[in-house]
Amino acid sequence: QVQLTESGGGLVQPGGSLKVSCAASEIIFKRYDMGWYRQTPGNERELVASITLSTPFPYADSVKGRFTISRDNMKNMIYLQMNNLKPEDTAIYYCNSRPPLSRGWGQGTQVTVSS
């Protein structure tokens, strides 16, 4: 069964940092490249960071140099470390495979960047 559970979101001030996590079921984690996506109201989900079993793909221009994706292959976990956050990073963050599986979308975790 495909299951992805995001956590770690919250409210942070501009310039601050936050790390979000995703627990993935083994069936998806072991087979696919994984990614972090985000969505704001009225917009499509966008891929911001993704990773093979060990190596990140190039980041979206909007987050390059500020976000870092990683994965723990023993724990089936994916992480997104977000530094120097900006108000435009406010969104719901989701993890899923790359490309995404339609049945892989979870509830996401809300990240709000505001003073």
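A short reminder: the numbers here are calculations on the coordinates, not readings from a lab. Remember, predicted model here, so these are calculated numbers, not experimental data. No Cβ is skipped: glycine too gets one built from the backbone with ideal geometry, and neighbour counts run over all protein chains shown.
Here are the numbers for this structure:
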{"read-out": "Positive-end extreme of charge dipole, the range 24-81 - chosen from Tyr59, Asn73, Gln39 (charges on Cβ)", "value": "Asn73"}
{"read-out": "Aspartates and glutamates whose Cα lies under 12 Å from that of Lys19, excluding same-chain neighbours fewer than 8 positions away", "value": "Glu6"}
{"read-out": "Cubic angstrom per residue, convex hull over Cα atoms of the chain", "value": "90 Å³"}
{"read-out": "Cα gyration tensor, the range 63-115 - rounded (a/c under 1.5), prolate or oblate", "value": "oblate"}
{"read-out": "Relative contact order %, the chain, counting alpha carbon pairs below 8 Å whose residues are six or more apart", "value": "37 percent"}
{"read-out": "Cα gyration tensor category, rounded, prolate or oblate, for the range 10-50 with a/c compared to 1.5", "value": "oblate"}
{"read-out": "Karplus (6.51, -1.76, 1.60) ³J(HN,Hα), θ = phi - 60°, over the range 101-110, in Hz, Gly and Pro reported as x", "value": "8, 4, 8, x, 6, x, 7, x, 9, 7"}
{"read-out": "Charge dipole magnitude, Cβ of K and R +1, D and E -1 - the chain, Cα centre, debye nearest 20", "value": "200 debye"}
{"read-out": "Cut-off 11 Å between beta-carbons: net charge of the residues surrounding Val113, Lys and Arg +1, Asp and Glu -1", "value": "-1"}
